[in-house]
Amino acid sequence: MRAEEQTSKHLLLAVIVTVFSSILGLVTMAMAWEFWMVPLMAAGCFSVWLLHITKHGSNTFYENLSAGLVLTEFFFWGVHRSSLFDIPVVACILVLALFSLNKKWILHAITALYALALLYHGFVLHTISHQMGFQDIFRLAFGVVMTFSGVALAQYWINRRTAQREWYERIFAELETAGKQNAVLLSNVSHELRTPINMVIGISEVALGKELPPDIRADMASIKLAGKRLSSQINNMLDYTEIVEGTLAPAKKKYMITSVLNDVITMTALQSNRQQLEMVFDIDPKMPAALIGDAEKISHVLKILVENSIKFTEEGGINVRIKCRREGYGVNLIVDIRDTGIGMTNAQLAQMYDVFYQADSGSSRFAGGLGLGLPIARGLLNAMGGFIHFSSKEHQGLYAHIVIPQGVADEQPCIVLNHPERFCIACYFRPDKYSCDEVREYYDGLIFSLMSGLGIQGYQAHNFEGFLRLQRSHELTHVFIAQAEYEENQAYYKELAETLQVVVIAEREFVLDSKSRLLAIHKPFSALSVANLLNGEMGERGFAEAQAAGRKPFTCVGVKALAVDDEEMNLVVAKGVLGSYGIEVDTCLSGKEAIAQCNSVSYDIVFLDHMMPGFDGVETLKKIRELQNGLYQDLPVIALTANTVSGAREMFRSEGFTEFVPKPIERTVLERVLRRVLPKGCIQYSEKPTANQESADDKAAPPAQEPKAVVVPEAVSLPEPEAAGFAESLAQIGVNAELGLDYCGGDEEFFREMLQMFCDQRAEKEAELAAFYESANWPDYATKAHALKSTSLTIGAETLSAQAKELELAGKRGDADYIHTHHAALLRAYEELCAQLAQI
C-alpha cells in the first residue's frame, strides 16, 4: 500500500488519536458520562494502529479516518453540560494537532461542530440563555473569538503553504521541462555532428591508406584521433540524453565478471600512457564466475571512472579492485577504484555530480571532456539499483566505491587454478623505485589476494638479497619480476630461466628475444593475466585464449540459414554477409513466405526482420515455433532490427527471439551472436587473421570469400574509379563509404551493387511512401520509413537515415502534423542523393 508514504506524520496521527481518546475516556468515566462510548473509542484507536502497522488502505483513507475519529470524539466532548467553556480550548488543540494534514475540510468541520455544540447547549441543554451572568457571557464570547481566530489563522497558513507548494511544483516542472529540452537539444546536436565527424574519420582513414609523406601521415593520424575523440564525446551526449529522458532499461542476463574486467583492461591497454602510470587490476578469485545483470552498463561505468582517474593522475598509479558481498538476492558487486591523482576538495566533491562540472574548469586545465562522465556513471548505476560514493583529499588521490546488486548464475569461483598445490611463487618488486607508496600497496594487495584466493604458496622480496634467500629456502616454480629489476641483471635471469619459469611484468613496448625462455606479461597488470599464465593459457597481454578466441576468424560451413525481410536490399546485404562465412542462405520477403519455407525446408538458424507489413516478426516467430508440433521450438531465431534502444535485447527475448542483431548488420555483433547460438561444431576457427582483423580498429572478420552473384536490374551504371577517389566522392555528398563498406563486409564490389540497388529502388519506394501518405495510413507509412532508414544506413547515408527515423517515429505515434511538415523534405533528400550517386 503506502510503504514509501509511511512517514512520521502517520505515526503522529496514531499517537494523537490514542492520546485524545485516552483523555476523553478518563474524563467520561470520571464525569459519569455515557460509558458505552469508551469501547467505541478503544475500537477506533485499535483500527488506526492496525492500519498503521499492517499498511492497509490508502494514505488519504488513513488520514481521513484518523481525523474523523478525533472530530467525532470532539463533538461528544462538547455536548455535555460541564464542557461548555472547555470546548474552545479543545477546538484550538485539535486545530494545532491536525494542522499538519493541510486539509481545509478539517478546519471547516471543527468550526461547524463547535457551532453545532453551541446550538445544542442553547436549545437542548439550556446552558446558554439570557439568564447567564456577565462573567459567563464574557467567557463564552472569548471562547468563540479564540476558536474562530485559531481556525482563521490555520486556514491562512494552509493557503500560504498550498500556494508555496504549487509554486515549487511549477518551478520543478519548469526545471524538468528545461532539462528535457536540454537533453533533446543535445541529442539533436549529437545527431547533426555525427555525420560530419564520421566523414572526417572516414576521409582521414582513406588518406592514411595512401602513400603519404611522414609529416602528412602524422597530421592525418592526428585528425583521425581528434575525430574519434569527438565521436566519443557525441556518444556521451547521447547516453546523457537517454538518462535524462528516463529511457534506460537495464538488462538482466548472465555474464562473466572476468569478461567485464577484461574489457576494461583492454581499453586501458589501448590508451596512450604518457604518464607511465602503474595500472593494477585485482579481482577476488572466489567471486561467482557468472552473475546476472547488465554487463555492458557495468563495463561502461568502469571505463568512465578509470578514464577519469587516468586523466587526473600525473604520477603514481591506479588500482581497480573487484569483490562481492553475499546477500539474499545474490551478491552486491563491489568495485573500489583508487588513484594517486590530484584529488578533490570537499567543495569539489559536493559539485562533482553536477552536469558539465569539471574540477579543473579554468583556462589552464590539463584534462578535456564535457563533464558528462560522472553524471552518466551515476545515472547508469541508479538505473541498475546501485550507487557510487567518492572520498578524497586535495592532492591525495580519489577513491570511488561502487556497489551494484546482482544475481548469481554460477557459484563456481571466477578464477580457478589447476593443481594450485604444485605452485610456489616468488615476486620481486623493489618499492623504492615507485614515487608513491600507494603503488606498492596496490601490488602487495594484488599478490596477497591471488595467493590467498587461489590457495598457492607465494612470497615477496623487496630487494635482491631477499630474493636470493627465497630461492635458497623454497622450491620455487615461478618468479615474477618487474622490468626494471630484469634489466639490471638480464644475464642472471636468463640463466635462472633454465631451471624456473621467470615472468617479466613489462611495459607495452618491451619485447623479449625470440629465443628467450622467459615470459612477459605486459601492463596493465591484472590477476587475470597471472592466473592465465599459471594455467598455461598465456596469450598477448596475458588474456585468456578462450576470450581471445572471440576475435579469431571463423567459418560456418554446412550451416543453412533463412533471412526474412520485406526490404530486398536488406536481404542482399544479409545474404552477402552471411555467405562470407560459408553459410548457405535462403531469403523471403514476407512472414507468410517464411512460414511456408520453414514448413518445407529444415534450417539451422533464422534471421527475421522485426518490423514487416502483414505478419510482423513476432507473429511470424510464433507461427514458426508452432510448425510440425513444435519441431522448431529450439531453433535459433535472430531478430533483425533497427531498434537498438536500451533494453532491446530483453524486449526481443521476452517475445521469443533467441538474440537480436541491429540493422545494418555489423560483423562484430553478428559474430558474437553466431558463436553464442550455433553449436560449437558449426564454428571452424582459422589460424591466420584476415586483413580486416589487422586493421586499426581490430574488428573481427572472416576469411574473404566471393559473395554469391546478385542480379541487379540495369539502370544507372556506376563507373569504376580508384577506391580512394570513390570514397572521397561519396563523402562529399554525405555518404560514409567506410560505414557502407563495413556493412558490406569490406567488399567494394558488393558495396557498389548496394548503391546501384538503392538508386534503382527509389521510384518504387517513393511511390509506396506517397501512397500511404495520401491515405493517412500512418502505421504502414512508419513501416516503409523504417525500411528506408535501414537501407540508407546500409550504404552509409546517415543523414537520410536519420530523417527517415524521425518520420518512422512520427508514424508510430500518429503525429500527422510532423509527417505533413517533413514528408516532402524526405523525398527531396532521397531524390537528390540518388541523383548525386548517379553522377559519381
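The values are calculated or read from the model by the stated rules, or taken from the named source; none is laboratory data. Values in this document were obtained by computation on a predicted structure and should not be read as measured data. Here the Cβ is made from the backbone with ideal geometry for all residues, glycine too, and neighbour counts use every protein chain on show. Areas reflect the complete protein model, heavy atoms only, side chains present, ligands, DNA and RNA absent. Shrake-Rupley method; radii C 1.70, N 1.55, O 1.52, S 1.80 Å.
Data overview
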read-out	value
Dimensionless Rg/Rh of the chain - Kirkwood Rh, Rg from C-alpha atoms	1.11
Principal-axis tilt of helix 37-54 within the chain, Cα atoms, nearest 10 degrees	10
Relative contact order [Cα under 8 Å, 6+ residues apart], segment 557-648, whole percent	29
Distance between modelled label sites at M146 and N418, nm, 7 Å Cα→Cβ extension	9.2
Positive dipole terminus of segment 102-258, leading residue within A154, G122, H108 (C-beta point charges)	G122
Separation between Cα centres of segment 72-139 and segment 278-294, rounded to whole Å	70
Gain on full stretching of the segment that runs from I840 to I216 - 0.36 nm per residue minus C-alpha separation	221.9 nm
Coordinate range along principal axes, alpha carbons of segment 86-143, Å, largest first	41, 21, 12
Cα centroid separation - segment 160-239 against segment 782-840, whole Å	22
Positive-end residue of A14, V564, A290, charge dipole of the chain with Cβ unit charges	A14
C-alpha long axis of helix 59-78 to longest principal axis of the chain, angle in °	10
Distance between modelled label sites at E568 and H130, nm, 7 Å Cα→Cβ extension	10.8
Fraction of the pair-distance distribution of segment 1-106 above 20 Å, Cα-Cα pairs, percent	39
Cα centre as origin, Lys/Arg/Asp/Glu Cβ charges: segment 1-129 dipole, Debye	140
Heavy atoms of D444 accessible to a 1.4 Å probe, total area in Å² rounded to 10	40
Helix-only [θ]222 nm of the chain, DSSP H runs n ≥ 4, -39500 (n - 2.57) each, per residue, nearest 500	-17500 deg cm²/dmol
Förster radius 51 Å - calculated FRET efficiency between V189 and T345 (Cβ-Cβ, nearest 0.05)	0.95
Angle between the chain longest axis and helix 748-760 axis [Cα atoms, degrees, rounded to 10]	60
A776-S654 FRET efficiency (beta carbon distance; Förster radius 35 Å; 0.05 resolution)	0.65
Filter on K228/K515; K254/K805; K180/K252; K592/K784; K560/K623 - keep pairs with C-alpha separation over 29 Å	K228/K515; K254/K805
Reachable lysines, given that their alpha-carbon falls under 22 Å from the alpha-carbon of K103 and they are not under 8 places away in the same chain	K9, K55
1.4 Å probe accessible area per residue over the chain, in Å²	48
The chain - charge dipole about Cα centre, Lys and Arg +1 at Cβ, Asp and Glu -1, debye rounded to 20	3040
DSSP bridge pairs, the chain: antiparallel proportion in percent, nearest 5	45
Label-point separation, T60 to T266 (7 Å along Cα→Cβ), nm	5.5
Calculated FRET value between E169 and E475, using beta carbons and R₀ = 51 Å, to 0.05	0.10
Solvent-accessible area, 1.4 Å probe, carbon plus sulfur percent, for the chain	56
Reachable aspartates and glutamates from K210, criterion Cα separation under 14 angstrom, eight or more residues apart if same chain	D219, E722, E728
Nearby aspartates and glutamates by direct alpha-carbon distance to K622 (threshold 16 angstrom, same-chain neighbours under 8 apart not counted)	E593, D609, D634, E655, E659
